[in-house]
Each structure stands twice: as C-alpha cells, then as structure tokens.
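All of the numbers you see were taken from the coordinates with simple rules; none came from a lab. Remember, it's a predicted structure, so these values are computed and weren't measured experimentally. Quick reminder, even Gly has a Cβ in these numbers, built from the backbone with ideal geometry, and neighbours come from all protein chains shown.
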Amino acid sequence: MKALFRFISWAVWLGSFSAASALAQVGTDAPPTLTAWQRLIAMSPMILMVFLIFYLLVILPQQKQLKMQEALLTSLKKGEMVLTSSGIIARVAGVENDHVLLEISNGVKVKFERSHIKFRVEKKN
C-alpha cells in the first residue's frame with residue numbers, strides 16, 4: 001500500500017509540473033490557452049492512476065477468485081460435500097469431464113455442471 005501511495009503522489013506531482021510548465025510559458029496576464037496535447041499530457045497521470053486503481057480493486061481480485069474456483073473444480077473427489085449455486089448441499093457421487101453427479105439424499109442423484117459448484121462444505125465434528 002505504501003508503494004501505491006508513493007506512486008499516486010509522484011503522479012500528481014508530475015501532473016502538476018507539466019501543467020505548471022505549460023502555464024509558465026505564457027508571460028502575459030491573459031489566460032493561457034493549452035493545446036490538446038498539453039491537456040492530455042497534464043491529465044495523463046490521473047488517467048493512469050484511474051486504470052491502476054481499477055486494476056488493483058477489480059481485475060486482480062477477480063483473477064484470484066477464478067483461480068481458486070478452478071482449483072476447487074479440478075480437485076473434486078467422490079464423497080465430498082459441496083454447495084451448488086442454487087443452494088443445494090449434496091455429496092459428490094461421481095465426477096465426469098464437464099458434469100458432476102451429486103447425491104442429494106439416499107438414492108436421489110442429480111447431474112450438475114461443474115461450473116455450478118460454488119464451495120466445498122466442511123464436515124462439522
């Protein structure tokens with residue numbers, strides 16, 4: 001987090017420099033007119049900060065969650081208790097390529113897609 005704050009302060013400082021140098025070039029009392037490129041350069045640190053914050057707060061956690069979900073789906077074994085996306089808690093009766101056979105009750109088996117398995121339910125002692 002310290003590194004993020006340092007980067008943000010550096011980017012703000014750099015952005016103020018480019019805007020200040022563009023304003024310093026005009027030596028009159030008239031309001032300065034900045035070209036489109038000067039405005040873009042002055043705003044670029046802020047634009048980069050928005051993309052960096054978006055990446056850190058949205059994309060990175062989502063990638064981590066997808067990796068954890070994929071690890072769960074590949075490690076499913078017969079006899080484990082799982083929770084489906086529809087809220088059904090069941091025991092894994094069989095594992096196929098794209099589907100999982102879940103036993104909801106004695107003798108009641110339902111076929112689910114692997115992607116609908118959300119959590120592994122731990123047995124309470």
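For the pair LEU57/VAL95, report the inter-label distance in nm, with labels modelled 7 Å from Cα in the Cβ direction.
The two pseudo-label positions are separated by 3.8 nm.
So which lysines pass the test for LYS123, namely a Cα distance under 28 Å, with those fewer than 8 places away in the same chain ruled out?
Reachable lysines: LYS64, LYS67, LYS77, LYS78, LYS109, LYS111.
Can you tell me the dipole magnitude for the range 76-121 around its Cα centre, using point charges on the Cβ only (Lys, Arg +1; Asp, Glu -1), in Debye to the nearest 20?
On the way: 8 positive and 5 negative charges, 25 e Å.
Around 120 debye, computed over the range 76-121.
If you plug each phi of the range 73-83 into the Karplus form 6.51 cos²θ - 1.76 cosθ + 1.60 with θ = phi - 60°, what whole-Hz ³J(HN,Hα) values come out, in order, with x for Gly and Pro?
5, 6, 9, 5, 10, 5, x, 7, 8, 9, 10
Check the straight Cα-Cα distances from LYS118 and name the aspartates and glutamates below 18 Å, setting aside those fewer than 8 residues away within the same chain.
Answer for LYS118, where 18 Å is the Cα cut-off: GLU70, GLU80, GLU96, ASP98, GLU103, listed by chain and number.
Could you grab the relative contact order for the range 76-121? Cα pairs under 8 Å, six or more apart, rounded to a whole percent.
On the way: 91 pairs, mean separation 17.4, N = 46.
Across the range 76-121, relative contact order equals 38 percent.
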